[in-house]
Amino acid sequence: MLLVVGRIGRPHGIRGEVTVEVRTDEPEQRFAAGSVLRTDPAAASVSSIVPDTLTIEEVRFHQGRPLVLFDGYYERDLVENLRNVLLVVDSSEISVPDDPDEFLDHQLVGLSAVSPGGEVLGTVTRIEHAPSSDLLVLSRPDGRSALVPFVKEIVPAVDLAGGRVVVDAPAGLLDL
């Protein structure tokens, strides 16, 4: 499964650096010099051919955002063609967190959400990263969506092997 870790933005300066919109919790690891990232140009409106991979030659952080120089892309006009290209990694290349209470988004998507009594509440379709806490987005059996704060008090158990998360939702939470 391919996971998006960033999106190439506008060029920065004339040397070929580009801004990158970070979509990972570990930008220093994903955007390190020497890293090879796969590309997904489908989201970009590019007329030129985008390579399957890009190698990061140099990276520096400016105002909290990485400025990246890709190997072989040393001119502003060249990198302009990379604008909006998604940078992806294979989920099999990502190490599982050591903390048993920490999960990667792709581990949670697709899990069945059940009540403490075993009633099926829905399926986790994605994770929203809100400022106060992450939110599990559930697809409910009736077709509606529900947002569930991913906190221990409401989601007391995650069973990856069993393919489920236990959701002990306060009254009315799933009806919002």
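Coordinate-derived values only; no laboratory data. Predicted model only: the values in this text are computed from it and were never measured. Counting neighbours? That spans all protein chains shown, and the Cβs are built from the backbone with ideal geometry, glycine included.
Please say if the chain is rounded, prolate or oblate, where rounded means a/c under 1.5 for a ≥ b ≥ c the square roots of the C-alpha gyration tensor eigenvalues, and otherwise the choice is prolate for a/b larger than b/c and oblate otherwise? Provide the component values of the computation, followed by the final result.
Values: a/c = 2.68, a/b = 2.41, b/c = 1.11.
Note, shape of the chain comes out prolate.
What is region 105-169 by shape, rounded, prolate or oblate, if you read a ≥ b ≥ c off the alpha carbon gyration tensor as root eigenvalues and call it rounded for a/c under 1.5, prolate for a/b larger than b/c, and oblate otherwise? Rounded is the answer for region 105-169, as its axis ratio a/c remains below 1.5.
Phi angles of region 77-92 translate, via the Karplus equation with coefficients 6.51, -1.76, 1.60 and θ = phi - 60°, into HN-Hα couplings of 5, 5, 6, 4, 6, 8, 4, 6, 5, 7, 9, 10, 10, 7, 4, 6 Hz per residue; Gly and Pro are given as x. Close amide H pairs (under 5 Å, H built 1.01 Å from N) link residue 164 with 112, 159, residues at least 5 positions away or on another chain.
Which value, in debye to the nearest 20, gives the size of the charge dipole of the chain about its Cα centre, when Lys and Arg are +1 and Asp and Glu are -1 at the Cβ?
Working: 15 positive and 28 negative charges, 117 e Å.
Charge dipole of the chain: 560 debye, to the nearest 20.
Given axes a ≥ b ≥ c from the Cα gyration tensor, I'd like to know whether region 2-93 is rounded (a/c under 1.5), prolate (a/b larger than b/c) or oblate. Cα axes put region 2-93 in the oblate bin.
For residue 89, neighbours were defined as the other residues whose beta-carbon sits under 14 Å from its Cβ, and their charges (Lys and Arg +1, Asp and Glu -1) total -3.
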